[in-house]
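Engineer: I have a structure here, written as structure tokens, and I will follow up with some questions on it.
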Amino acid sequence: MKESKKREHVWIRKMFMLMAAFVLILCMKTTTYAASTKTVNMESVGSGMYIHIGTMKRGKGTVYHRVKVKKKGILIVAGAAIAEDGTPYGMAVRLCDSKKRSLEPYKRSYVSTEEFIVYGVNPGTYYIEVKNQSYYSLSAGVKKVKDLEGDSKKTAYQIAHKKRVSGLVTAGEKAGSADWFKFKLAKNRKVKIELAAIGTDAFRFYLYGPGCRNGICMASLKNDAKDFQKKVALKKGTYYIKVVRASKKSNASGFYDVRWSMQ
């Protein structure tokens, strides 16, 4: 695993640990009751991190937590519902666009002090929706991610040998959209392709080229931070890697890594 990828994934883990700590600390504080439907600005605590704690009367209602994303990247969400005895447990959240329209099915994403969710996002305003919780705490982190893919085979981004590149699948885009990369072989070689993905649902990676013109599925990955490796014997020519959601009906978003090397 290359150093750049290590830094990316270590950053996510560190941010999540900090957010989980905020969840546990803040859940001990008092707060005001939310109305049946309310919009709040999450409090910035620096380094692209935001927090909020809230209580809903009789455990009923909806709160929209506003987060502004300045650059294309990832939005990481953690949190917990809090029982009367102070015990934290998981809760459903939902990502919405600037008009509070849902970008995923309700109860698709669950978070807790031990689990987080990672969305791929474009610049703009987003709302994290929380419903029907008596007492809860929510944390979010925003980080820019370099997005290098092409949006068609003709505009595929060329990956240099042994170079690790990243791509984003963003919330709200067409479910059938695809990301494209390519690499070239000057002669027949055995090649190792390394893949990793973190997001709300599975991504599929296809390989096209001489001998696989109709495409072969190399992997379907969901929250696989460690490299998936596939070794294949390839003929001389140009090869393309296509990244798509596992289903055209999927609302999956997140980010992924791609790398290839000759063996």
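Engineer: Quick one: pull the percent of accessible area on the chain belonging to carbon and sulfur, 1.4 Å probe, ligands and nucleic acids left out. Don't jump to the answer; show the numbers that get you there.
Structural biologist: Numbers: 6260 of 13100 Å².
That fraction is 48 percent.
Engineer: Filter the cross-link list Lys70/Lys184; Lys72/Lys242; Lys60/Lys144; Lys100/Lys162 down to pairs whose alpha-carbon distance in this structure exceeds 31 Å.
Structural biologist: Values: Lys70/Lys184 35 Å; Lys72/Lys242 20 Å; Lys60/Lys144 35 Å; Lys100/Lys162 42 Å.
The pairs that break the limit, which is 31 Å between Cα atoms, are Lys70/Lys184; Lys60/Lys144; Lys100/Lys162.
Engineer: Only bridges whose two residues both fall in the chain count here: according to DSSP, what percent of them are antiparallel, nearest 5?
Structural biologist: In the chain, approximately 90 percent of DSSP beta bridges are antiparallel ones.
Engineer: Another one. For Tyr89, Tyr240, Tyr157, give the ranking by accessible area with the largest first, probe 1.4 Å.
Structural biologist: On the way: Tyr89 105, Tyr240 45, Tyr157 80 Å².
Sorted by accessible area, descending: Tyr89, Tyr157, Tyr240.
Engineer: Next up: Whenever you get a sec, line up Tyr127, Tyr208 from highest to lowest accessible area (probe 1.4 Å, protein heavy atoms).
Structural biologist: Details: Tyr127 20, Tyr208 40 Å².
Putting Tyr127, Tyr208 in descending order of accessible area: Tyr208, Tyr127.
Engineer: At a probe size of 1.4 Å, how large is the accessible area of Thr200, to the nearest 10 Å²?
Structural biologist: The value for Thr200 is about 10 Å².
Engineer: Enter the accessible area per residue of the chain (Å², integer; probe 1.4 Å; all protein chains in place). Write out the running numbers ahead of the final one.
Structural biologist: On the way: 13100 Å² over 263 residues.
For the chain, the solvent-accessible area averages 50 Å² per residue.
Engineer: Over 5 Å intervals from 0, what percent of Cα-Cα pairs in the chain sits in each interval?
Structural biologist: Spelled out bin by bin, the chain gives 1, 6, 13, 17, 17, 13, 11, 8, 6, 4, 3, 1, 1, 0 percent.
The values are calculated or read from the model by the stated rules, or taken from the named source; none is laboratory data. Since we're looking at a predicted model, the values are computed, not measured. Accessible surface areas use protein heavy atoms only, side chains included; no ligands, DNA or RNA. Shrake-Rupley method; radii C 1.70, N 1.55, O 1.52, S 1.80 Å.
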